[in-house]
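A quick write-up on the structure given underneath.
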């Protein structure tokens, strides 16, 4: 028998077994649903949801459909994941480098941070920030202002919001600046490889990010104003802030807990990546006159990234999936809004749970594809 055929047959058998198992459970579920008079379908998504959500990035109320409620929960989940990934990455890189510092105080502080936050269950950390730390904040009428424009209260953070005019022109200028930076970066890389010359890419990038958007204010008709929150009395004891941007305490607590927790694991990934580079690399770089910062930036980190990226990708995935713990403090993420409230009202357990699972799977696969692409892009290629 051909060797290729022998390799394919076990795979086909495995695939067939998986299909048969899936078909068995699907058929069994369909029989049970028919016996109970339950119809399977997704028509409920167009029905009126009849429930409100306390925090939404898009317009939503009880008159909107379940599909709209799903979108609200999805956007809230993506918001937490996006902010958490950024904060945990920055903090993780700083702590990871600090753990290798020759300064005893810095190294010990970073080590204590890692051991403390990674060994306490994430759910308990969420509870601490929400029920202990943020609940100790003052009521809106008693809150002191931060720089005269922001207020941190038990009901959340109230801060000025941007009021734009011709925002699309400003947005296009940012896209143009980013494209220009990518082109210049690629040109600088080729120039260094071919002629050994270095362009000040960082300075040029900062200049483009400042100059191009600034030109839209001067000549493009773009204007920016700020709406500052103002306290308003609703009743004898009830106060609320109007105007500006309102960030609920649930979002603050969840973001803090996820970021601080995930940053500890990213810090260990960074530390392991740097330690994976031989001392000879550092000594060779120092022998040609590079400063410690230049050694880290130009020699160590480019090589360490290929070790750091794969495990860090896992941490991004964990952070995204761990955001589902938001339901514990009533933050309206996908699980609470769609797999919680919508499921209880409609009784469409199979449909809603399937959609929720596929959504998290799609988000995770998207993150994996993006990080794998970046990992291949920065990989050291032999010539």
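Evaluation of residue 52 against the conditions (1) farther than 19 Å from residue 363 by Cβ; (2) not in a loop (DSSP other than H, G, I, E, B) shows that the sole unmet condition is (2). Pairing residues of region 20-33 that are closer than 12 Å to residue 350 by Cα with residues that are surrounded by 10 or more Cβ atoms within 10 Å (Cβ to Cβ) and at pLDDT below 80, at Cβ distances under 7 Å and at least 6 apart in sequence or on separate chains, gives 33/40. All conditions but one from (1) free of Cβ contacts under 8 Å to residues at least 60 places away in the same chain; (2) over 30 Å from residue 37 (Cα atoms); (3) surrounded by 17 or more Cβ atoms within 10 Å (Cβ to Cβ); (4) touching a helix residue (DSSP H, G or I) at 6+ places or on another chain (Cβ under 6 Å) apply to residue 316; the one that does not is (1).
Does region 279-301 include one or more residues that are under 30 Å from residue 325 (Cβ atoms) and surrounded by 14 or more Cβ atoms within 10 Å (Cβ to Cβ)? Quick ask: steps written out before the conclusion?
Step one: list which residues in region 279-301 are under 30 Å from residue 325 (Cβ atoms), which gives none.
Scanning region 279-301, I find no residue that is under 30 Å from residue 325 (Cβ atoms) and surrounded by 14 or more Cβ atoms within 10 Å (Cβ to Cβ), so the answer is no.
Residues considered: 108, 68. Of these, the only one that is surrounded by fewer than 14 Cβ atoms within 10 Å (Cβ to Cβ) and not in a loop (DSSP other than H, G, I, E, B) is 108.
Of all the residues in region 56-75, those that are touching a residue at least 12 places away in the same chain (Cβ under 8 Å) and out of contact with any helix residue (DSSP H, G or I) (no Cβ under 7 Å at 6 or more places or on another chain) number 6.
Answer with yes or no whether residue 91 is surrounded by 14 or more Cβ atoms within 10 Å (Cβ to Cβ), over 21 Å from residue 308 (Cα atoms) and either out of contact with any helix residue (DSSP H, G or I) (no Cβ under 6 Å at 6 or more places or on another chain) or in contact (Cβ under 8 Å) with a residue 60 or more places away in the chain (or both). Before you say what the answer is, go through the steps one by one.
On the way: surrounded by 14 or more Cβ atoms within 10 Å (Cβ to Cβ): yes; over 21 Å from residue 308 (Cα atoms): no; either out of contact with any helix residue (DSSP H, G or I) (no Cβ under 6 Å at 6 or more places or on another chain) or in contact (Cβ under 8 Å) with a residue 60 or more places away in the chain (or both): yes.
So residue 91 fails the test.
Could you tell me whether residue 44 is part of a loop (DSSP other than H, G, I, E, B), touching a helix residue (DSSP H, G or I) at 6+ places or on another chain (Cβ under 9 Å) and at pLDDT below 95? Reasoning before the result, please.
On the way: part of a loop (DSSP other than H, G, I, E, B): no; touching a helix residue (DSSP H, G or I) at 6+ places or on another chain (Cβ under 9 Å): yes; at pLDDT below 95: yes.
Against the criterion (part of a loop (DSSP other than H, G, I, E, B), touching a helix residue (DSSP H, G or I) at 6+ places or on another chain (Cβ under 9 Å) and at pLDDT below 95), residue 44 does not qualify.
Answer yes or no as to whether residue 172 is under 30 Å from residue 325 (Cβ atoms) and in contact with a helix residue (DSSP H, G or I) (Cβ under 9 Å, 6 or more places away or on another chain). Answer is no for this residue. Every test in (1) closer than 30 Å to residue 158 by Cβ; (2) assigned to a helix (DSSP H, G or I); (3) modelled with pLDDT under 95 is passed by residue 97 save one, and that test is (1).
Restricting to region 127-166, and then to whatever is part of a helix (DSSP H, G or I), in contact with a strand residue (DSSP E or B) (Cβ under 9 Å, 6 or more places away or on another chain) and touching a residue at least 24 places away in the same chain (Cβ under 8 Å), can you tell me which residue is surrounded by the most Cβ atoms within 10 Å (Cβ to Cβ)? Result: 134. The set of residues in region 126-168 being modelled with pLDDT under 85 and touching a helix residue (DSSP H, G or I) at 6+ places or on another chain (Cβ under 9 Å) consists of 164, 166.
Being assigned to a helix (DSSP H, G or I) and without any contact (Cβ under 8 Å) to a residue 40 or more places away in the chain is the requirement here; does residue 305 meet it? Please lay out each step first, then the result.
On the way: assigned to a helix (DSSP H, G or I): yes; without any contact (Cβ under 8 Å) to a residue 40 or more places away in the chain: no.
No, not satisfied.
The values are calculated or read from the model by the stated rules, or taken from the named source; none is laboratory data. These numbers come from a predicted model, not from an experiment. When we count neighbours, we look across all protein chains shown, and the Cβ atoms used for this are built from the backbone with ideal geometry, even at glycine.
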